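The values are calculated or read from the model by the stated rules, or taken from the named source; none is laboratory data. None of these values were measured; they are calculated from a predicted model. With ideal geometry, Cβ positions are generated from the backbone for all residues, glycine too; neighbour counts draw on all protein chains shown.
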Amino acid sequence: MSIFALKMLSINRKREIVSLKQKKYRQRYSQFLVEGEKSVIELCQSDFLIHEILITQTVFDKIGNSLPASKVLIVNEKDMNQLSTLDTPAGIIAVSNFQEYSLDNIIFKKRFVLLLDNINDPGNLGTIIRIADWYGIEGIVCSPTCVDQYNSKTILSSMGSFTRVKVVYESLLPIITRYQIPSYACVIQGESIQNITKPEEGIIIIGNESNGISKPIEDSASFKITIPKAGEAESLNAAIATAIVCHKFVFG
């Protein structure tokens, strides 16, 4: 048995936490939800400001020693089921404040930066964040029309990588024209990445899952590149394409 007493959430606080499943309330409170043992533990090891960690007794008995005691609130299974965004709750949810980053810090201090144009699928965005983390790419700039980085599916898909990869939302076109960094638009018709010498730095532009990169941004890019294919598929998933291009740029 833990040293923590089983507590009931107040109705008001429960309502606030449940509301964080919606973007407008995440923005109102500047808070978001993180679910799952691995992601919450990585959150605890990051610079994010944690408001509270809600956990069932069963999960606490398993990983409680890895959590900051002052943030932990043990809740019953009924509350956990109501609070969770998952069909099968993981038994642990952290409520964290947003983290703010500056565009200049992301652009100037990194070798490679990802620019995402109108990525709509939260799973894709979360996977791209995870891919960026894998390849040591620490900064992502999303267009204002991209899905919310704090969407619960995005956070879950990132598998904790959201704690290390900095994400900002900005208009993309001014970035391409303002910074003196080569930019590479990933398109269907372009120079094969097999023919490209590994760059020392660059902005990698990934487009919408269905429509690709918007024409003004594509036309402003320094280079248009493509992933060569041997089969008949019309296109690649945005996250898969990101992984292939990142591997080429990072390792040659």
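Do you know which residues across the range 200-252 are under 17 Å from Val113 (Cα atoms), assigned to a helix (DSSP H, G or I) and among the charged types (D, E, K, R)?
Glu218, Lys248
Residues in the range 31-66 that are more than 16 Å from the chain's Cα centre (by Cα) and either outside any helix (DSSP H, G or I) or assigned by TED's automatic domain parsing to the domain that holds Val165 (or both): how many?
Here the count works out to 9.
If we keep just the residues of the range 158-201 that are modelled with pLDDT of 95 or more and among the aromatic types (Phe, Trp, Tyr), which is surrounded by the fewest Cβ atoms within 10 Å (Cβ to Cβ)?
Applying the filter and picking the extreme gives Tyr169.
Restricting to the range 30-45, name every residue that is surrounded by 16 or more Cβ atoms within 10 Å (Cβ to Cβ) and of a type outside the set (A, V, I, L, M, F, W, C).
Residues satisfying the conditions are Gln31, Glu35, Gly36, Glu37, Ser39, Glu42.
Would a scan of the range 94-115 turn up a residue that is over 29 Å from Pro144 (Cβ atoms) and surrounded by fewer than 16 Cβ atoms within 10 Å (Cβ to Cβ)? First the steps, then the outcome.
Going through the range 94-115, the residues over 29 Å from Pro144 (Cβ atoms) turn out to be none.
No: zero hits.
Output the residues belonging to the range 83-103 that are out of contact with any helix residue (DSSP H, G or I) (no Cβ under 6 Å at 6 or more places or on another chain) and in a loop (DSSP other than H, G, I, E, B).
The answer is Ser84, Leu86, Asp87, Thr88, Ala90, Phe98, Gln99, Glu100, Tyr101, Ser102.
Residues of the range 70-82 being in a loop (DSSP other than H, G, I, E, B) and buried (at least 16 other Cβ atoms within 10 Å of the Cβ), which ones?
Val75, the sole residue that qualifies.
Restricting attention to the range 79-138, report how many residues are closer than 14 Å to Val167 by Cβ and of a type in the set (Phe, Trp, Tyr).
The number of residues fulfilling the criteria is 2.
Could you list, in sequence order, all residues of the range 48-64 that are charged (D, E, K, R) and in contact with a Ser or Thr (Cβ under 7 Å, 6 or more places away or on another chain)?
Result: Asp61, single match.
Considering every residue within the range 176-188, establish whether at least one is within 16 Å of Glu42 (Cβ to Cβ) and either touching a helix residue (DSSP H, G or I) at 6+ places or on another chain (Cβ under 6 Å) or in a helix (DSSP H, G or I) (or both). Write out each step before concluding.
Quick first cut of the range 176-188, residues within 16 Å of Glu42 (Cβ to Cβ) only: none.
No, every residue in the range 176-188 fails to be within 16 Å of Glu42 (Cβ to Cβ) and either touching a helix residue (DSSP H, G or I) at 6+ places or on another chain (Cβ under 6 Å) or in a helix (DSSP H, G or I) (or both).
Which one of these is outside the structural domain of Cys186 (by TED's automatic domain parsing) and either modelled with pLDDT of 95 or more or under 11 Å from the mean Cα position of the chain (by Cα) (or both): Asn151, Asn81?
Matching residue, one of Asn151, Asn81: Asn81.
Considering only the range 124-144, I want to know if a residue exists there that is part of a loop (DSSP other than H, G, I, E, B) and modelled with pLDDT under 95.
Scanning the range 124-144, I find at least one residue that is part of a loop (DSSP other than H, G, I, E, B) and modelled with pLDDT under 95, so the answer is yes.
Do the conditions hold for Ile55, that is, is it of a type outside the set (Ser, Thr, Tyr), more than 22 Å from Tyr101 (Cβ to Cβ) and buried (at least 20 other Cβ atoms within 10 Å of the Cβ)? Walk me through it before giving the result.
Details: of a type outside the set (Ser, Thr, Tyr): yes; more than 22 Å from Tyr101 (Cβ to Cβ): yes; buried (at least 20 other Cβ atoms within 10 Å of the Cβ): yes.
The answer is yes for Ile55.
Checking Leu9 against (1) out of contact with any Asp or Glu (no Cβ under 6 Å at 6 or more places or on another chain); (2) in a loop (DSSP other than H, G, I, E, B); (3) hydrophobic (A, V, I, L, M, F, W, C), only one condition comes out false. Which one?
Evaluating Leu9 over (1) out of contact with any Asp or Glu (no Cβ under 6 Å at 6 or more places or on another chain); (2) in a loop (DSSP other than H, G, I, E, B); (3) hydrophobic (A, V, I, L, M, F, W, C) leaves (1) as the failure.
Enumerate the pairs (first residue in the range 148-170 and within 17 Å of Gly136 (Cα to Cα); second residue anywhere and assigned to a helix (DSSP H, G or I) and among the hydroxyl-bearing types (Ser, Thr, Tyr)) with beta-carbon separation below 6 Å, excluding pairs fewer than 6 apart on the same chain, so at least 6 apart or on different chains.
If the second residue must be assigned to a helix (DSSP H, G or I) and among the hydroxyl-bearing types (Ser, Thr, Tyr), the pairs left are Gly160/Ser39.
Only one of these conditions is not met by Val147: (1) surrounded by fewer than 20 Cβ atoms within 10 Å (Cβ to Cβ); (2) outside any helix (DSSP H, G or I); (3) of a type in the set (A, V, I, L, M). Which number is it?
(1)
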